[in-house]
1. Mind grabbing the accessible area of Y54 for me, 1.4 Å probe, Å², rounded to tens?
2. Could you tell me the relative contact order of the range 1-154? Use alpha-carbon pairs under 8 Å, at least six residues apart, and round to a whole percent.
3. May I ask for the distance between the Cα centers of the range 1-53 and the range 57-72, given as a whole number of Å?
4. Just want to confirm a number: the relative contact order over the range 92-170, from Cα pairs under 8 angstrom separated by 6+ residues, in percent.
5. Along the Cα→Cβ direction, 7 angstrom out, place labels at L156 and I168. What is the inter-label distance in nm?
6. Once you've got the GNM for the chain with C-alpha springs shorter than 10 Å, pick whichever of N45, N32, N67 has the biggest mean-square fluctuation.
7. Return the single residue from T137, T21, T151 with maximal mean-square fluctuation; model: Gaussian network over the chain, springs between Cα atoms under 10 Å.
8. I'd like the accessible area for S8: 1.4 Å probe, protein heavy atoms, all chains in place, Å² to the nearest 10.
Amino acid sequence: TRDPGFLSAFLARNFANGPHTVSLRVTQSDGNVFNLNPINIVIDNTINQAPFGYIDIPHEGVVEGANGSFPVTGWTIDDEDVDHIDFPVDGQIVAGAVGRGMPSSAVYGSPRPDIRAAFPDVTNSLFSGFIANIDTTRLHNGMHVFSVRVTDNRGLSRTIGTRQVQVINN
């Protein structure tokens, strides 16, 4: 196909600690079925996993031009819960989202049925969308690095992405 690949996930806490084998069976459009080589994994539910997600806007690999209010959107999930999201520009936090529906300068908890379909075992995957409208008039014209850092309810954080943005406030 034009876009080969797949994405799947499972919630490790639904399985006992210890070694497991993950097997994949592929069914092609012509009905042929084959198995991929199994993968051995070790589940350790005592280890906190960092949140993960993706920045939809600005787009990856493209230098976006911004002026005025510029949206940073995407999604993030955690196996337990997301505590907050920081939106740094050049390393300085310019916006943040706290929990779902709590007062903050950004919003977390927008519906994302696509993420729910990809991660059905994750409790809050349906409401995993975020948006921060960054006021670029507070930035100098030129290139800037926009980032999204997510922290879970146990204090573990991960930067889920960075993007190059050119600010042109003329």
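The values are calculated or read from the model by the stated rules, or taken from the named source; none is laboratory data. Quantities reported herein were computed from a predicted structural model and do not represent experimental measurements. Counting neighbours? That spans all protein chains shown, and the Cβs are built from the backbone with ideal geometry, glycine included. Note: accessible area is taken over every heavy atom of the protein model, side chains too, but ligands, DNA and RNA are not part of it. Shrake-Rupley method; radii C 1.70, N 1.55, O 1.52, S 1.80 Å.
1. Number for this one is 90 Å².
2. Numbers: 281 pairs, mean separation 36.2, N = 154.
Rounded, it is 24 percent for the range 1-154.
3. Taking the Cα centre of the range 57-72 as reference, the centre of the range 1-53 is 33 Å away.
4. Numbers: 117 pairs, mean separation 16.8, N = 79.
After rounding, I find 21 percent.
5. My value for the distance between the label points is 4.2 nm.
6. N32
7. Maximum among the listed residues: T21.
8. Near enough 90 Å² of accessible area.
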